[in-house]
Amino acid sequence: MYDITLAEESHKEEILALYRSQIGREFCPWSEEYPTMEEIDFDLSRNSLFVMKEEDGRIIGAVSIDDDEIVEELVCWSKDLAPGGELSRLCVAPSYQGQKLAGSLLQFGMDELKRRGFKSIHFLVNRHNIKALKAYDCFDFNVVGETYAYEQDMLCYEKEL
């Protein structure tokens, strides 16, 4: 059993190391330039960054409730489901992948969005990222559009909470 909690200032370096562990993985657009400590600080300032911890306290996953103007301005989101919240920077340590932990983080994020008063969740996924697409299949998201963002072809996912 893993614990998911609000991230703390003391977690910053470990979260950055987790983000860096994703660089170079197939379909991952992350680099030394993104995400950085700037995104971590922004998320912490809004109480919007959550971490998944192993029993020993080691951080093995993270997800944030994002505030990204590029994503928010897309016209594909349903007006009936506004306000919609975005989850972003979801990641699991490479050695823990394949254990459905991303799904646990996603479910936690959706529950948190609903608790904060959002009517829906929306996010972008690289259209070729087979692992992510498979992980999200069991949640019955609707593909409501496509866009080119962050130098990738993306699918726009949305679901009522």
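Any read-out appearing in this document is the output of simple, stated calculations on the displayed coordinates, not a laboratory observation. This is a predicted model, so every value here is computed, not measured. Every residue, glycine among them, receives a Cβ derived from its backbone with ideal geometry; neighbour counts consider all protein chains shown.
From the list SER64, SER120, exactly one residue is under 16 Å from the mean Cα position of the chain (by Cα), farther than 18 Å from TYR150 by Cβ and among the hydroxyl-bearing types (Ser, Thr, Tyr). Which is it?
Step by step, each of SER64, SER120 is checked, and only SER120 is under 16 Å from the mean Cα position of the chain (by Cα), farther than 18 Å from TYR150 by Cβ and among the hydroxyl-bearing types (Ser, Thr, Tyr).
Restricting the search to the stretch 1-47, which residues are within 28 Å of ILE130 (Cβ to Cβ) and among the hydroxyl-bearing types (Ser, Thr, Tyr)?
TYR2, TYR19, SER21, SER31, TYR34, THR36
Among the residues of the stretch 136-150, which ones are surrounded by fewer than 18 Cβ atoms within 10 Å (Cβ to Cβ), touching a residue at least 12 places away in the same chain (Cβ under 8 Å) and outside any strand (DSSP E or B)?
Result: CYS138, PHE139, ASP140, TYR150.
So which of ARG20, ARG25, ARG58, ARG89 is surrounded by 15 or more Cβ atoms within 10 Å (Cβ to Cβ) and not aliphatic (A, V, I, L, M)?
Matching residue, one of ARG20, ARG25, ARG58, ARG89: ARG89.
I'd like the full set of residues that are in contact with a Gly (Cβ under 8 Å, 6 or more places away or on another chain) and either without any contact (Cβ under 8 Å) to a residue 40 or more places away in the chain or not aliphatic (A, V, I, L, M) (or both), limited to the stretch 120-135.
Once the filter is applied, which keeps residues that are in contact with a Gly (Cβ under 8 Å, 6 or more places away or on another chain) and either without any contact (Cβ under 8 Å) to a residue 40 or more places away in the chain or not aliphatic (A, V, I, L, M) (or both), the stretch 120-135 yields SER120, HIS122, ALA135.
Does ASP3 fit the bill of being closer than 18 Å to LEU106 by Cβ and among the charged types (D, E, K, R)?
yes
Starting from residues that are touching a Ser or Thr at 6+ places or on another chain (Cβ under 7 Å) and buried (at least 16 other Cβ atoms within 10 Å of the Cβ), keep the ones in the stretch 151-160 and report whichever is nearest to GLN107 (Cα to Cα).
LYS159
Please report, ordered by residue number, the helices (runs of 4 or more DSSP H) entirely within the stretch 1-119 with at least 1 residues that are basic (Lys, Arg) and touching a residue at least 40 places away in the same chain (Cβ under 8 Å).
The qualifying helices (runs of 4 or more DSSP H) are 101-115.
Please determine whether any residue of the stretch 152-160 is without any contact (Cβ under 8 Å) to a residue 24 or more places away in the chain, farther than 17 Å from ARG25 by Cα and assigned to a strand (DSSP E or B).
Checked the stretch 152-160: no residue is without any contact (Cβ under 8 Å) to a residue 24 or more places away in the chain, farther than 17 Å from ARG25 by Cα and assigned to a strand (DSSP E or B).
Pick from LEU101, LEU161, LEU105: which is touching a strand residue (DSSP E or B) at 6+ places or on another chain (Cβ under 8 Å) and under 19 Å from TRP77 (Cα atoms)?
Checking each option against the conditions leaves just LEU161.
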